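Notes follow the structure.
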Amino acid sequence: MSNKIFALLAVALGAVALLAICIIVLLNKRSVVPITPTLPPPKTQIDQFMDLAATLTKTPKGIKELNLYLTPVKGSQALSALALKVTVTDPQGTITPLASTAKIPKVLTAAGWKFPFSKIASPAKNALELNLSAIFATPQPYLVENRLLIASIPLTSKNDTLTVTIDPTVTKVLDKQNREIGLQQINQPLTVTAVLQ
C-alpha cells in the first residue's frame, strides 16, 4: 500500500515539475517590454533677457499715453511672440482708458506682427488693465536691437504719477524656438510720471 502512495506522490511531483517547466518556457518566449520611467522634461535655463519698461506722456490738453517698451539687455534679441498683462493705477485718484484696445505702432503691423487679442478694461475707478497677445507671423524672427515700442494706452487720470504692475505669470516673450526670454524687473511695480509732449 505504501508503495502505491509513493508512486502516486512521485507522479504528482513529476506533473508539478513538468507544469512549472512549461510555465517558465512560456514566460521566456513572451516579448518583454522594458519599463522606462517617465521623467519631467528638464527645465530650460533662461539665458536671454530684455527690459520691459513704461513711460507716460501728456498733451497740453491733458490726454496721457502710457507707452510700453522692450529693450534687449545685451546685443539683439530675435522675437516671435509675446503676451502682456499690465495693470495701471492712480493710487490717489481716478483713471479712465480712452480706448478699448491698445494702440499698436504701425511699424510692427507693417513688419508682420499680428495681435489676435488686445483688451483694455477698468477693474476699478483708479485702475485699468491691459491684456495683449502678439505673434510674428513670418518664418524669420523679428530682430530687436534697440528700445522697441510695443503698445500704448491712451488714458486720462487725476494725477501725473501712475503705478504700473506687470503680471509675471501671464507676461511672456518667446524667441523663434519658443524659448522664453527673461524679463528683468518684472516682479516689482514701476512708477511713471507724465512728461509733456
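Only one of the numbered conditions (1) of a type outside the set (Asp, Glu); (2) more than 23 Å from THR96 (Cβ to Cβ); (3) touching a residue at least 24 places away in the same chain (Cβ under 8 Å) is not met by PRO168, and that is (3).
Picking from ALA81, ALA102, ALA121, which residue would you name as being over 18 Å from PRO154 (Cα atoms) and among the small types (Gly, Ala, Ser)?
ALA81
Reported count of residues in the stretch 135-150, each being assigned to a strand (DSSP E or B) and touching a Pro at 6+ places or on another chain (Cβ under 8 Å), is 4. All of (1) free of Cβ contacts under 8 Å to residues at least 40 places away in the same chain; (2) buried (at least 18 other Cβ atoms within 10 Å of the Cβ); (3) of a type outside the set (Val, Ile, Thr) hold for GLY112 with one exception: (2).
If you check every pair at least six apart or on different chains, which have Cβ atoms under 7 Å apart with a residue in the stretch 151-163 that is charged (D, E, K, R) first and a residue that is in a loop (DSSP other than H, G, I, E, B) and buried (at least 16 other Cβ atoms within 10 Å of the Cβ) second? As it stands, the answer is LYS158/ASP90, since those pairs meet every condition given.
None of the figures in this text is laboratory data; all of them are computed from the coordinates on show. This is a predicted model, so every value here is computed, not measured. Cβ: placed from backbone, ideal geometry, glycine included. Neighbour counts: every protein chain shown.
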